[in-house]
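Below: one structure, written as structure tokens.
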Amino acid sequence: MSGVVVGADGLTRCAWAGSSPDYLEYHDREWGVPVHGERALYERITLEAFQSGLAWITILRKRERFRAAFAGFDPEAVAAFDDTDRERLMADAGIVRNRLKVDAAIANARAVLGLREQGGLDDLVWSHRPKRHTPPRSTAELRATSPESLALAKSLKKAGFVFVGPTTMYAAMQACGLVDDHLLGCHRAGGPE
């Protein structure tokens, strides 16, 4: 089996999960588990945007600080952020200080509120779940985008979101359980739906 490792506990996992205890915990408890709800999806989309160009472990290790800095990812609270909040965020060494990404988080919170009249963020995101998805058998079969992630990115951009390209949205789809990309042989492959 290509791309899987056996952990000290005897469980077979996607190889990336064995590179740190943080990754192992995230892999076993969260990655690929279906995520629903406006706040939870807004958080995942925001964190995936902040991850762009960085290692996911950087965001994972700062996640609690992100939650504190962004009002628990309450879209209503973040949508009301002003220039004072922007400056506070840009001075916060506990998060990734990138003005474009900070501004994107605020703009996206406002877009989340706008979606409420059209069924909401949950409906929009989950409407892009593939009808069929073949989990990868090896790392060679892993992908960075899909037709569905391209469509999701377009739908979100049309609704006013920014920093939601097809690669970022495919990562969100993996993380939020819209696709199961645990490798063949991983104990989580075919996990909870």
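The values are calculated or read from the model by the stated rules, or taken from the named source; none is laboratory data. Note that the coordinates shown come from a computational prediction; the quantities given were computed from them, not determined experimentally. As a convention, Cβ positions derive from the backbone with ideal geometry for all residues, glycine included, and neighbour counts pool all protein chains shown. Note: areas computed on protein heavy atoms with side chains; ligands, DNA, RNA excluded. Shrake-Rupley method; radii C 1.70, N 1.55, O 1.52, S 1.80 Å.
Per-residue answers, yes or no, for (1) open to solvent by 70 Å² or more (accessible area, probe 1.4 Å); (2) assigned to a helix (DSSP H, G or I):
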{"residue": "ILE45", "(1), (2)": "no, yes"}
{"residue": "ILE57", "(1), (2)": "no, yes"}
{"residue": "THR84", "(1), (2)": "yes, yes"}
{"residue": "GLU87", "(1), (2)": "yes, yes"}
{"residue": "VAL102", "(1), (2)": "no, yes"}
{"residue": "ARG129", "(1), (2)": "yes, no"}
{"residue": "SER149", "(1), (2)": "no, yes"}
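Taken over segment 135-147, the criterion of being open to solvent by 50 Å² or more (accessible area, probe 1.4 Å), among the hydroxyl-bearing types (Ser, Thr, Tyr) and in contact with a helix residue (DSSP H, G or I) (Cβ under 7 Å, 6 or more places away or on another chain) is satisfied by THR145 alone. Selection within segment 21-30: residues that are without any contact (Cβ under 8 Å) to a residue 60 or more places away in the chain and surrounded by 14 or more Cβ atoms within 10 Å (Cβ to Cβ). The member of this set that is nearest to CYS186 (Cα to Cα) is LEU24.
When segment 25-43 is filtered for residues that are more than 12 Å from ASP122 (Cα to Cα) and in a loop (DSSP other than H, G, I, E, B), the ones remaining, listed by number, are GLU30, TRP31, GLY32, VAL33. When ASP92 is tested against the conditions (1) within 17 Å of the chain's Cα centre (by Cα); (2) open to solvent by 10 Å² or more (accessible area, probe 1.4 Å), the lone failure is (1). A Cβ distance below 8 Å, combined with a sequence gap of six or more or placement on separate chains, defines the contacts here; from segment 118-131, residues that are within 13 Å of HIS36 (Cα to Cα) reach residues that are open to solvent by 40 Å² or more (accessible area, probe 1.4 Å) and assigned to a helix (DSSP H, G or I) in the pairs GLY120/GLU38; LEU121/GLU38; ASP122/GLU38; LEU124/GLN118; ARG129/GLU148.
Go through segment 63-82 residue by residue and tally those that are at negative phi and crowded, with 19+ Cβ neighbours inside 10 Å.
As a first pass, look at segment 63-82 and keep what is at negative phi: 63-70, 74-82.
Then drop every residue that is not crowded, with 19+ Cβ neighbours inside 10 Å, which leaves 66, 69-70, 75, 78, 81.
Adding up the residues that qualify gives 6.
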